[in-house]
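Notes follow once the structure below has been shown.
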Amino acid sequence: MRIVEFVWKWFDEVTGVSGWLIPLAKHPVPHARRSAWFYVLGSATLLVFIVQIVTGIALASAYVPSAGQAYHTLAFISDTRFGHIVRGIHSFGASAMIILIGIHAIRVYLFGAYKYPRQMGWLTGVALLFLVLGMAFTGQLLRWDQTGFWSVVIAAEQAGRTPFIGNWLGHFILAGDTAGGATLSRFFALHVFFIPALIFFFIGFHLYLVVRNGISEPPKMGQPVDPKTYRRWYQDLLHREGVPFWPDAAWRDAVFALIVIGIIVGLAVVVGPPALGKPPDPSILQASPRPEWYFLWYYAVLSLIPRWSENYVIIVGPAILIVVLVLLPLVAPKGERSPFKRPWAFGLVAVIVFMIAYYGTVGHVAPWSPRMDAPPLPVEVIGTANGPIADGAKVFRDKGCEFCHKISGYGGIRGPDLTYAGDQMTPEQMETRIYSGAPNMPSYNGNITQQQVSDLLAFLSSRRRRPATPLPLTSEAK
Amino acid sequence: MSEDSIHDAENSSSGTDRRRFLSRLSIVAGSIAGAIVAIPSVAFLLGLRKVPHVWRTVGKLDDFQIGSTVKVAFLDPSPLPWSGVTARTAAWLRRETAQQFIAFSVDCTHLGCPVRWLPDANLFMCPCHGGVFYANGTVASGPPPKPLTRYPVRIQGGDVQILTSPLPITT
């Protein structure tokens, strides 16, 4: 033990570490009492980020960021026992970061902790939020399976909607004329060097501000922030009832981080990493790219807004979000912090959380996507194996109707459910619709024979709650 | 240098001028050093690789039946040695008459997802948002703002060739 003490004393004498580290660890923080557990979210986000660095370095030591080989190296990593787990941790860690940074932002907003003197703390946090979303997007892309490949194409197409520079920006994302050899390296550099460097910078700044301005005290009703007196009042508060950060507050951060990391590693072991899709071969056209869960709500919003507004929403939507988040601490730097005095704050958070959950669910179902892999209607549903009704069912399949219209649980949900079409429309109405089409349904005028239409009408008219003539299922029919 | 001499230097006007000059010199030196590193780095990043458009043979004339639309796969204009399967690209090709072909980009003009050909329905359908195109590439329904992009096709000897093009980006 003597030698350890000797080395430490020497080290401390030549570096002066204890001179700033010990005061930093023991700096007084407000006694948070019943709100104390609300203060663990930021540190948990940071610790999961460190988990991402550790597992990211482990993955990068085997991943080859080459368009032709990345997919194979991921398969190689996933096939090893611990590679499988490390990929799982990195993947669930990404989800955890998004959830934690989101709840952390909500907590700071509800507690009014973005007000004076902590405006820059909020602004650096907003930067970190968008950088984390950037990491999430570039990260799922590095999987470089079919979905990873097509998400670059879709990103380039979305960027293409930017006024004036759209075409250039789209090709800049692709790193050239087409998505190929040069594209992946660009996203690898973004994910592994560029965005993490910015995250390090903003975390450093964010933490510096937390120490300089002090962590916000739990808000109390009737105690508005006045920039003229706040700093002095806060110092008095610390003096009166402050507790040392280490260990009085830090133990909760440690316990919560252990729980979070335990859940991440547990899920990684039990559930494992997301499966690799098909290879990133652009000539395989059996592809239905979908975003990861954290972007599903945005995917749903873009899919459901009126078509004329799409170009504006793709570009202006995220811009408005950034402007609102940036303006918040600048336009409301003082006044009441307590959410009970700012009831609209609760309302706004409720609306945002509900929207993300609701549109996320809708995006998961994606009713606007045709079900191109829907199995053909079985003869039990059709009700007969031959005759016009059976021929009409074949037309229903061949013409692609089934991809968008559901019948008895089979098919897509882009268009109306036609299980009881015979009860809802006359054959004349159906025929008109088939020939004229609709905004989301092609016109079949010139694309369908008279015989096919008459079979199709026979089939659709037979879709009734109570068949006009019972159709007994014979054994041949099955 | 003792504190006194610092004080003296600050008070003399020549010392102030000298300090101002040295501050500016440091800022200018640092800016130049930064710029000569940043300019080539940023220029390299922004400089997009332009590749020539080249004709790629996608099959023999006799391989294609008149009236049928088929997927053809070919190499993109200038694949890099490490491009692997991503060097491949595809198009929908139809032989209209004995000597006339028509080729469409597979990318939906809405957001670039690969459209599929439904041979019995005579339609292209996009799996992402249900955009539908007629056989001639015009929009039949759904969100696509423009017809499918066409690639130039030619017959050279007995070969059918497609002129490779950049990914069409709807602006």
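General observations
- Ascending count of other beta-carbon atoms within 10 Å, so fewest first, for A:Met1, A:Met135, A:Met221, A:Met120: A:Met1, A:Met221, A:Met120, A:Met135
- Note on chain B: the alpha carbon radius of gyration divided by the globular reference 2.2 N^0.38 Å gives 1.94.
- Under DSSP loop assignment and at most 16 Cβ neighbours within 10 Å, longest chymotrypsin sites (Phe, Trp or Tyr not before Pro)-free interval of chain A: A:165-339
- Cross-link pairs exceeding 22 Å between alpha carbons, from the set A:Lys220/A:Lys334; B:Lys50/B:Lys71; A:Lys399/B:Lys71; A:Lys406/B:Lys146: B:Lys50/B:Lys71; A:Lys406/B:Lys146.
- Angle between chain A longest axis and helix A:293-304 axis [Cα atoms, degrees, rounded to 10]: 50 degrees
- Highest-MSF residue in chain B out of B:Ser13, B:Ser83, B:Ser41 [GNM, Cα springs under 10 Å]: B:Ser13
- For the range A:377-449 and the range A:72-150, distance of Cα centres in Å: 44 Å
- The fraction of Cα-Cα pairs per 10 angstrom bin, counted from 0 for the range B:86-171, comes to 18, 49, 28, 5, 0 percent, rounded to whole percents.
- Nearest 10 degrees, 0 to 90: helix A:310-331 Cα axis against chain A principal axis: 20 degrees
- B:Gln100 versus B:Gln156: modelled label distance in nm, points set 7 Å from Cα along the beta carbon direction: 2.3 nm
- Diffusion coefficient, µm² s⁻¹, Stokes-Einstein with Kirkwood Rh over alpha-carbon pairs of the range A:32-77 at 20 °C and 1.002 mPa s: 164 µm²/s
- Bridgeable aspartates and glutamates around A:Lys394 (alpha carbons under 19 Å apart, same-chain partners fewer than 8 residues away excluded): A:Asp373, A:Glu380, A:Glu402, A:Asp417, A:Glu431, A:Asp455, A:Glu476, B:Asp120.
- Free-standing Cys residues across the protein assembly as shown, given no other cysteine C-beta under 4.7 angstrom: A:Cys401, A:Cys404
- The trypsin sites (Lys or Arg not before Pro) of the range A:211-313 that meet both conditions, a loop assignment by DSSP and at most 10 other Cβ atoms within 10 Å of the site Cβ, are A:Lys228.
- Annotation: extensible slack from A:Ile413 through A:Val270 equals 48.1 nm (criterion: 0.36 nm per residue apart, minus Cα-Cα distance).
- Across the range A:58-139, the volume of the C-alpha convex hull divided among the residues equals 97 Å³ per residue.
- Per-residue extension of 0.36 nm, minus the Cα-Cα distance of A:Ala60 and A:Lys228, leaves a gain of 55.4 nm for this segment.
- Reported value for the range A:192-249: 131 Å³ per residue, from the convex hull of its C-alpha atoms.
- Max mean-square fluctuation residue, GNM over chain B, Cα-Cα springs under 10 Å, options B:Asp76, B:Asp107, B:Asp62: B:Asp62
- Within the range A:379-461, the proportion of C-alpha pairs whose separation exceeds 21 Å stands at 18%.
- Fraction of the pair-distance distribution of chain A above 41 Å, Cα-Cα pairs, percent: 39 percent
- Between 0 and 90°, nearest 10: helix A:450-461 axis offset from chain A longest Cα axis: 60 degrees
- Applying 0.36 nm per residue to the separation of A:Ile85 and A:Trp293 and subtracting their alpha-carbon distance, the gain on full extension is 72.8 nm.
Every read-out reported here was derived from the displayed coordinates using simple, explicitly stated rules and does not represent laboratory data. Quick caveat: nothing in here was measured; it's all calculated off a predicted structure. We place every Cβ from the backbone using ideal geometry, glycine too, and count neighbours over all the protein chains shown.
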